[in-house]
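> I have a structure I would like to understand better, so I am pasting it below and will then ask my questions one at a time.
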Amino acid sequence: MRVKFTSPFDYVTLRTKSGTPRATVAYQPGEPITVKREHGEAAVKAGKAVEVDEVAVRGGKVDAPFASTEKGPPEKVVKAKPE
């Protein structure tokens, strides 16, 4: 799930039997990021983030195997038979 945090948000994981949290994940506002769906849904429900539909870009390349490209599908590669 990709979200853009609009304000700081702390996601507290499930608590142990003694009542202490196992871990806390702190998210800062800024660029859209990919988070676990459970974290993203909690942040959106709390009004601390909005879900975005844009794909992830890393190093100028689209980081999603399902994202479309302008070139279209890849060409079929035919291997040459050894002589």
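> Pick from the range 3-21 the residues that are under 22 Å from the mean Cα position of the chain (by Cα) and loosely packed, with under 15 Cβ neighbours inside 10 Å: which of them is nearest to D53 (Cα to Cα)?
So, considering only residues that are under 22 Å from the mean Cα position of the chain (by Cα) and loosely packed, with under 15 Cβ neighbours inside 10 Å, the one nearest to D53 (Cα to Cα) is T6.
> Could you check the range 46-57 and list, in sequence order, the residues that are surrounded by fewer than 12 Cβ atoms within 10 Å (Cβ to Cβ) and in contact with a Lys or Arg (Cβ under 8 Å, 6 or more places away or on another chain)?
Answer for the range 46-57, where residues must be surrounded by fewer than 12 Cβ atoms within 10 Å (Cβ to Cβ) and in contact with a Lys or Arg (Cβ under 8 Å, 6 or more places away or on another chain): D53, E54.
> Among all residue pairs at least 6 apart or on different chains, which show Cβ distances below 8 Å where the first residue, located in the range 1-24, is more than 16 Å from R37 (Cβ to Cβ) and the second is outside any loop (DSSP other than H, G, I, E, B) and charged (D, E, K, R)?
Listed by first residue and then by second, the contacts come to P21/R15; R22/R15; T24/D10.
> Of all residues in the range 22-45, how many are outside any strand (DSSP E or B), exposed (fewer than 12 other Cβ atoms within 10 Å of the Cβ) and aliphatic (A, V, I, L, M)?
Final tally of qualifying residues: 1.
Each value in this text was obtained by applying a stated rule to the coordinates, not by laboratory testing. Here the structure is a predicted model, which means the values were calculated and not measured. Here the Cβ is made from the backbone with ideal geometry for all residues, glycine too, and neighbour counts use every protein chain on show.
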